[in-house]
Amino acid sequence: MVSMTLSMVADAAAKNPVVSADNDVMKLTFLGTGAPRPSTERYGPSILIEAGDHRILVDAGPGMRERLFEAGGFEAISGVDHVLVTHLHFDHTVSISSAWLSGWLFGRRVPLVVQGPSGIKSMMEHIQKAYQWDIDYRVMVGVPVEGSELVVKEVSEGVILEQQGLRITAFQVEHMPVDLKTRELLGLRGETLGYRVDYKGHSVVFSGDTKTSTKSDILKYGQGVDLLIHEVQVPSPGATPEANLANVSLSVHSTPAEVGFVFAKSRPKMAIYSHIIPPGTTAEDLIKLTRPYYDGPLTVAHDFMEITLSGDEIIIGDREKQGDGKFEDSKVLDE
Ligand SMILES: [Zn+2]
Ligand SMILES: [Zn+2]
């Protein structure tokens, strides 16, 4: 084991300050940086935001619960009380039930707030019905009913939360199916949201899934932000049936060239790729494909990457894993 002197500990704390209600520190942890295709390297899309007393997930894709547990143990599982949903695709929503029920079972005693686009109410009502038996059962054997409630809000463009230094703004992005020839919408109802999160002088924009363009509202909300986190799909080369099938989704996702233009126009302090299709794409490949269009600061996220905003600093590293602690030893039981 490495022994640390006090000054080293102080340096480490200064380099990676902790989140507290008394400071301006905002931390993001990438719990999953992939998309629908299963990957043990890149789990489904989900990003944890920690700022002051806030613990918020942006999307809850496959594997979220396990990544959250590894990132922060039972305290993290029970500490999340808010989910921002970008849209209803399963790779963004399949673990909402875990955020809701695991959080409750392991200690959350306030309702889970879920905000998302039109359709999220219906989805959550169905999920709630599906697990009513489970909830009744657990309450009957002694789990407090408090925390099993859901507060669901359908939101569109505008400020959707303003509380204790935190402001969250939703905006519309393009991700609905279109006719490949005419680019006209095919008429499926629904929408996809991007989010901007501001906290004590820091600003982060999440693109949501989108076929981005220089007309996108991402430019309006992402102008000069600290972090602009954008999805990306690298086109599969060739004209094989597999490549053609993979490339169908390019009508609703963004190529590195398209995102490069958006990064160049919005000039964030740090541009970040997450929701990476296909999941095996390397950081080197993505950077090479983007450089002809954007020459600013660029990071390719990976699962467990942690970004800390503190003062003027952007500190990028890896989340220290909490391991596999026992529930009986967790702080959740002290509260
Ligand atoms: Zn997606
Ligand atoms: Zn999608």
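Every number here is computed from the coordinates shown, using simple stated rules; none is lab data. Quick caveat: nothing in here was measured; it's all calculated off a predicted structure. Here the Cβ positions follow ideal geometry from the backbone for every residue, glycine too, while neighbour counts run over all protein chains shown.
Being touching a residue at least 24 places away in the same chain (Cβ under 8 Å), more than 26 Å from the chain's Cα centre (by Cα) and at negative phi is true of ASP134. Evaluate the following for TYR273: is it in a loop (DSSP other than H, G, I, E, B) and surrounded by 14 or more Cβ atoms within 10 Å (Cβ to Cβ)? Taking the combined requirement at face value, the residue does not satisfy it. Can you tell me which residue within segment 191-231, out of those that are hydrophobic (A, V, I, L, M, F, W, C) and under 12 Å from GLN172 (Cα atoms), is farthest from ligand 2 (Cβ to nearest atom)? Step by step, filter segment 191-231, then rank; the result is LEU219. Note on segment 87-132: residues that are within 16 Å of ligand 2 (Cβ to nearest atom) and under 15 Å from PRO62 (Cα atoms) amount to 10.
All conditions but one from (1) more than 16 Å from ligand 2 (Cβ to nearest atom); (2) under 17 Å from GLY32 (Cβ atoms); (3) buried (at least 23 other Cβ atoms within 10 Å of the Cβ); (4) of a type outside the set (Lys, Arg) apply to ALA51; the one that does not is (2). Set side by side, the residues ALA71, ALA76 differ, and just one is away from ligand 2 (no atom under 16 Å from the Cβ) and touching a Lys or Arg at 6+ places or on another chain (Cβ under 7 Å), which is ALA71. Yes or no: segment 18-35 includes at least one residue that is without any contact (Cβ under 8 Å) to a residue 24 or more places away in the chain, of a type in the set (D, E, K, R), part of a loop (DSSP other than H, G, I, E, B) and surrounded by fewer than 19 Cβ atoms within 10 Å (Cβ to Cβ). Checking segment 18-35: at least one residue is without any contact (Cβ under 8 Å) to a residue 24 or more places away in the chain, of a type in the set (D, E, K, R), part of a loop (DSSP other than H, G, I, E, B) and surrounded by fewer than 19 Cβ atoms within 10 Å (Cβ to Cβ). The criterion of at least 1 residues that are within 16 Å of ligand 1 (Cβ to nearest atom) is met, among strands (runs of 3 or more DSSP E) falling completely within segment 139-250, by 166-173, 192-199, 202-206, 227-233.
Note on segment 280-296: residues that are of a type outside the set (A, V, I, L, M, F, W, C), closer than 16 Å to PHE261 by Cβ and in contact with a strand residue (DSSP E or B) (Cβ under 9 Å, 6 or more places away or on another chain) total 4. When SER78 is tested against (1) over 27 Å from THR299 (Cα atoms); (2) under 12 Å from the mean Cα position of the chain (by Cα); (3) of a type in the set (Gly, Ala, Ser), just one condition goes unmet, and that condition is (2). Could you give me the residue pairs with C-beta distances under 9 Å whose first residue belongs to segment 240-265 and is over 16 Å from ILE277 (Cα atoms) and touching a residue at least 24 places away in the same chain (Cβ under 8 Å), whose second residue is within 16 Å of ligand 1 (Cβ to nearest atom) and of a type outside the set (Lys, Arg) wherever it lies, and which are 6+ apart or on separate chains? As it stands, the answer is PHE261/THR212; VAL262/SER207; VAL262/THR212; VAL262/ILE218; VAL262/HIS230; VAL262/SER254; PHE263/HIS230, since those pairs meet every condition given. For beta carbons closer than 6 Å, sequence separation of 6+ or different chains, a first residue in segment 72-99 that is within 20 Å of GLY34 (Cβ to Cβ) and within 14 Å of ligand 1 (Cβ to nearest atom) and a second that is of a type in the set (Gly, Ala, Ser) and outside any loop (DSSP other than H, G, I, E, B), the qualifying pairs are VAL85/GLY116.
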